[in-house]
Each structure stands twice: as structure tokens, then as C-alpha cells.
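The values are calculated or read from the model by the stated rules, or taken from the named source; none is laboratory data. Nothing here was measured: the structure is a model prediction, and the numbers come from that model. Cβ coordinates were reconstructed from backbone atoms using ideal geometry, including for glycine residues, and neighbour counts include every protein chain displayed.
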Amino acid sequence: MASRGGNRSRLLLVLLLVSSLFLITLDLRGVNLVSGIRNGVSTVISPVENLFSKLFSPVGNFASDVRNFRQSKKQVTELNKQIDLLKNKQVLDEDMVNQLSQLRNVLDLAGRGGYKVVAARVINRGSAATFKKTVTIDVGSRSGVTKNMTVISESGLVGVVKSVTSNSSIVLLMSDPTFKVGVRIAGTQSIGVLSGKGGSTYLLELLDATGEIKIGDALVARGSADNRPFVPGVPVGVVTTVQSNSSSITQNADVESITNLEKISVVAVVIAAAKGDPRDSLIPKPQPTQTVYVTPTPTPSPGD
Amino acid sequence: MSRIRVLNTSLFLLFIFLIQTSLIARINFPIGGFSIYIAILMVVLSLEDRNGSLVFGFIGGLIMDLAPSAQTPFGQWALAMTVIGYIFSVNRETVGDFNDRPLALTSLVSVAASVSMLIFIVIGALLGQNNGGLLHSLSIIFSNLLWTFLITPIFIPLILKVRKILLTNRERV
């Protein structure tokens with residue numbers, strides 16, 4: 001009897017393993033049925049994700065809030081002082097105001113670059129189990145979004161659209177370790193490749209051995225053929241550390257992203273790029289420093 | 001194992017999957033992340049008989065393959081989870097009953113969740129996928145191990161109760 005049970009288990013195991021391999025083969029051969037199932041699930045899930053996004057938007061920052069508890073406590077004390085001043089004013093939903101501000105800024109950036117964009121809200125983040133840094137946005141093929149389109153935020157590059165359903169899209173974030181983008185140092189012709197490292201810092205490998213990198217250099221996307229996946233001129237990041245190594249053929253540098261990918265809630269998908277390259281026009285201009293003149297009060301002398 | 005229980009448990013796993021993709025995934029856990037779905041699937045597998053471990057491993061993996069954010073071939077998680085189901089089924093008699101040993105169950109679930117992710121990575125590597133380097137993947141697996149170990153004890157009693165409800169009358173006896 002035990003042997004019969006064991007044989008049955010073995011047969012079941014073989015059957016399931018073969019089924020799994022069959023499904024993988026179908027998917028790798030590009031059978032539409034498999035991608036259709038995923039798209040179907042995405043279409044069903046995205047309204048639920050939208051609902052959860054509205055209900056639990058503060059939950060996402062729970063862990064980071066706990067980490068920054070001490071700092072938050074100090075901020076709470078300061079904010080408590082301000083509450084009295086704000087009592088008589090109409091307080092709008094902070095989240096909504098933030099999103100509106102991000103939307104205005106992202107449309108402003110797109111307008112300056114001459115990009116035709118579709119604005120979108122971030123409705124979910126990719127699970128850690130997928131081993132990819134992704135976000136889900138609430139626009140899809142119905143809004144004209146297709147695969148390999150550039151996604152920007154109010155400050156600059158966010159990532160690239162990797163898959164699209166009718167009403168949602170998956171965006172591969174630039175922080176993903178597999179992400180690479182061709183960049184140019186603003187104000188120069190030096191070009192390089194920027195790679196994600198999984199966190200908030202990035203690695204720049206300058207292709208021109210004679211080129212010079214300085215701390216504070218701003219980087220913009222070089223753009224791809226037919227503007228897919230990258231449109232030119234989008235701000236990408238700022239050089240924070242230059243790795244000087246005389247034995248290396250290329251020069252490397254650490255770069256900080258211009259966009260805080262952990263905090264983005266509103267983005268825009270570039271549907272069509274500008275006719276010309278906007279060059280460095282999208283780099284944020286440094287704020288002019290204000291000079292304050294102080295005239296010392298004459299101190300009375302003992303004789304006065 | 002009756003068909004009705006296969007259906008019930010699959011729907012339960014689908015519900016957990018929905019919670020994972022819609023709610024848990026949006027929490028920024030430090031280091032890497034946490035998958036409540038994998039943890040609950042491991043609890044289910046650890047409580048099943050030999051055939052149950054295999055079947056629910058496969059079904060659980062198929063549900064994971066449905067994740068819209070997954071950029072991996074459909075069936076990769078099913079294969080990984082079937083292997084994990086097999087490991088559970090082979091060692092079912094060795095590990096024994098967990099009802100009186102919650103810490104042992106938590107440890108097993110945490111390790112099994114990490115092993116399942118490791119198998120997934122290995123299968124991915126065999127299929128030529130680039131998941132951003134071994135260190136990056138290992139940090140995600142380690143983070144998941146840590147969070148699973150810390151969070152699983154909170155919901156284990158609930159899962160045990162739900163499983164009792166999902167059993168048919170004959171299976172309860």
C-alpha cells in the first residue's frame with residue numbers, strides 16, 4: 001500500500017514538474033495565452049490596487065517612519081507649535097496638495113522639454129519576491145502608453161515602461177541593478193553609462209577616457225534611437241563622488257539620483273519627444289544667493 | 001484530499017496573493033522586503049500530507065506567476081514551489097507535528113521561504129535571467145528571512161484556524 005502511495009506521489013511530482021516546464025517553455029516562446037493571463041489578472045487587480053492606494057497611502061511609509069522616529073519626534077514638536085497658526089486656515093489634504101504640486105512640476109518639466117506626456121499616479125510597488133524594482137502606474141494602452149516609453153517625475157528620470165495593460169503599466173525603476181541609461185554630462189560632450197545599484201546611488205562609467213568628471217556635475221539622458229526607451233535631455237542625477245583610479249581605462253563616479261524614487265506618487269509617461277534635443281535646458285537652475293549687508297551699530301565709547 | 005478543499009485552499013491563497021500585491025508590497029520594509037504570501041504558502045505546505053504539499057506548492061507557485069509586476073517566465077514560481085512542495089512531502093514524517101512547537105514552525109517557514117526564493121533565483125539563472133547580481137538577490141532573501149521570522153508568529157494561529165475551516169468533515173476526523 002505504501003509503495004502504491006509513493007508511486008502516486010512520484011507520478012504527481014513528475015506531472016507537476018513537466019507542467020511547470022511546459023508553461024515556462026510556452027512563455028519563453030512568446031505564446032500569447034500566457035501573457036494574456038497576466039494581463040487579465042493585472043486588469044482585474046488594478047482597480048483593487050487603486051482602491052488600496054487611496055485607503056492605505058500612509059501605510060507605505062510606515063517602516064521608514066519607524067526608522068526615523070527620533071527625527072520625526074523632533075519634527076512633531078516643531079509642527080505642534082505651528083498648529084496654532086494654521087488653525088484658522090483652511091487645511092487641504094496634504095497628500096492631495098503634494099500630488100498636485102508634483103503634477104504641476106512634472107507637467108512644467110515636460111512642457112519645457114517639449115515632451116508630449118500622459119500624467120499618471122503610482123498605485124503600487126513591485127513585490128520584493130519579483131527581485132525587480134518596479135512601480136505600477138494607473139495609465140495603460142487606453143491612454144496611449146506602450147512598452148519602452150520614458151517615465152519622468154517632477155525632477156527627472158524615473159524609469160522605463162516594461163509592460164502595459166489596458167489601464168495600468170509596470171515601470172522598471174532606474175534604481176534596479178539591471179537598469180542602464182546612456183547619459184551626457186551637462187554642458188560638455190562627455191558621455192557615459194549610468195547603472196542602477198539597487199539603492200539611491202548609481203554608478204557612472206564615462207566612455208571618454210579624456211573626459212573630466214567633477215563633483216556636482218549634472219547628468220542628462222542622451223536619448224535613444226527613435227526616442228525609445230529614452231528621450232534626450234531628461235535630468236538624471238548629480239555626481240557625488242569621483243572614483244579616481246589611474247589604472248582604469250574609463251573614469252567612474254558615484255551619482256545621486258535627481259528623483260527620490262521612494263517618495264514619487266505622480267509621474268508622467270513621455271508619449272512623444274520634442275523635435276529637437278532640449279540639451280541642458282531641463283537642468284534645475286541653482287537658486288541665486290541673497291547678499292545681506294549688515295551695518296554694525298556704533299558702540300558708545302567711554303568718553304560719550 | 002478532496003477537490004472542494006483544493007478549490008477552497010486555492011481561493012484562500014488567491015485572496016492572500018491579492019493582499020500581498022495590493023497592500024504588503026506598498027510597505028517600504030528596510031533592507032529588502034517581506035512576502036506574506038510566501039510565508040502563508042509555506043505554513044500551508046508544512047501542514048499538508050505528501051500529495052497536498054506537491055499540489056498546493058504547484059498551485060501556490062502558479063498564483064505567484066500571475067503577479068503583474070513579475071518580469072519572469074510564467075511557470076517559474078510554479079516550478080520552484082513544486083520543488084519546495086516535494087522537499088516538504090519527502091520530509092513530512094521527519095518534521096512531525098508543529099501544533100505544539102510554534103517556534104519550530106516559524107523557523108521552518110522562514111528557512112523554507114528563503115530556500116524557495118533561492119530555488120527561484122537558481123532556476124532564473126539557468127534560464128539566463130539577470131536579477132541584478134548575487135549580492136543583491138541574497139540581501140532580498142536575507143531580508144525576507146528576517147521579516148518572515150519576525151512577522152509569521154503573529155498570523156500563524158489565524159492560518160491554523162482558517163486551515164481547519166478549509167478541511168472537509170472527513171479530513172477533520
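Among the residues of region A:225-257, the ones that are closer than 16 Å to residue A:195 by Cβ and either assigned to a loop (DSSP other than H, G, I, E, B) or within 14 Å of the chain's Cα centre (by Cα) (or both) come to 8 in all. Just one residue in the set B:144, B:131 is touching a Phe, Trp or Tyr at 6+ places or on another chain (Cβ under 7 Å) and either assigned to a helix (DSSP H, G or I) or under 24 Å from residue B:5 (Cα atoms) (or both); that residue is B:144.
Scanning region A:113-136 for residues that are closer than 18 Å to residue A:268 by Cβ, in contact with a strand residue (DSSP E or B) (Cβ under 8 Å, 6 or more places away or on another chain) and either free of Cβ contacts under 8 Å to residues at least 40 places away in the same chain or more than 7 Å from chain B (Cβ to nearest Cβ) (or both) turns up A:115, A:116, A:117, A:118, A:119, A:120, A:121, A:122, A:123, A:135.
Residue A:252 passes every criterion in (1) free of Cβ contacts under 8 Å to residues at least 60 places away in the same chain; (2) closer than 18 Å to residue A:113 by Cβ apart from (2).
Could we say that residue B:31 is more than 11 Å from residue B:60 (Cα to Cα), within 12 Å of chain A (Cβ to nearest Cβ) and surrounded by fewer than 19 Cβ atoms within 10 Å (Cβ to Cβ) here? Full working, then the answer.
Values: more than 11 Å from residue B:60 (Cα to Cα): yes; within 12 Å of chain A (Cβ to nearest Cβ): yes; surrounded by fewer than 19 Cβ atoms within 10 Å (Cβ to Cβ): yes.
Here the answer is yes, as residue B:31 does meet what is asked.
Quick test for you: out of A:259, A:201, pick the one residue that is buried (at least 21 other Cβ atoms within 10 Å of the Cβ) and under 23 Å from residue A:132 (Cα atoms). Reasoning before the result, please.
On the way: A:201 fails: buried (at least 21 other Cβ atoms within 10 Å of the Cβ).
It is A:259.
Scan region B:54-74 for residues that are farther than 16 Å from residue B:16 by Cα and at pLDDT below 90 and the total you get is 6. Looking at region A:53-65, is at least one residue hydrophobic (A, V, I, L, M, F, W, C) and either closer than 30 Å to residue B:90 by Cβ or at pLDDT 80 or above (or both)? Checked against the condition, which is being hydrophobic (A, V, I, L, M, F, W, C) and either closer than 30 Å to residue B:90 by Cβ or at pLDDT 80 or above (or both), region A:53-65 yields no hits at all. Residues in region A:174-192 that are under 22 Å from residue B:140 (Cα atoms), of a type in the set (A, V, I, L, M, F, W, C) and buried (at least 23 other Cβ atoms within 10 Å of the Cβ): A:174 only. Please go through region B:34-84 and pick out each residue that is more than 21 Å from residue B:149 (Cβ to Cβ), at the interface with another protein chain (Cβ under 10 Å from one of its Cβ atoms), touching a residue at least 40 places away in the same chain (Cβ under 8 Å) and not in a loop (DSSP other than H, G, I, E, B). Passing the criteria: B:50, B:51, B:55, B:59, B:63, B:76, B:77, B:79. Only one of the numbered conditions (1) polar (S, T, N, Q); (2) within 14 Å of chain B (Cβ to nearest Cβ); (3) surrounded by 22 or more Cβ atoms within 10 Å (Cβ to Cβ) is not met by residue A:153, and that is (2).
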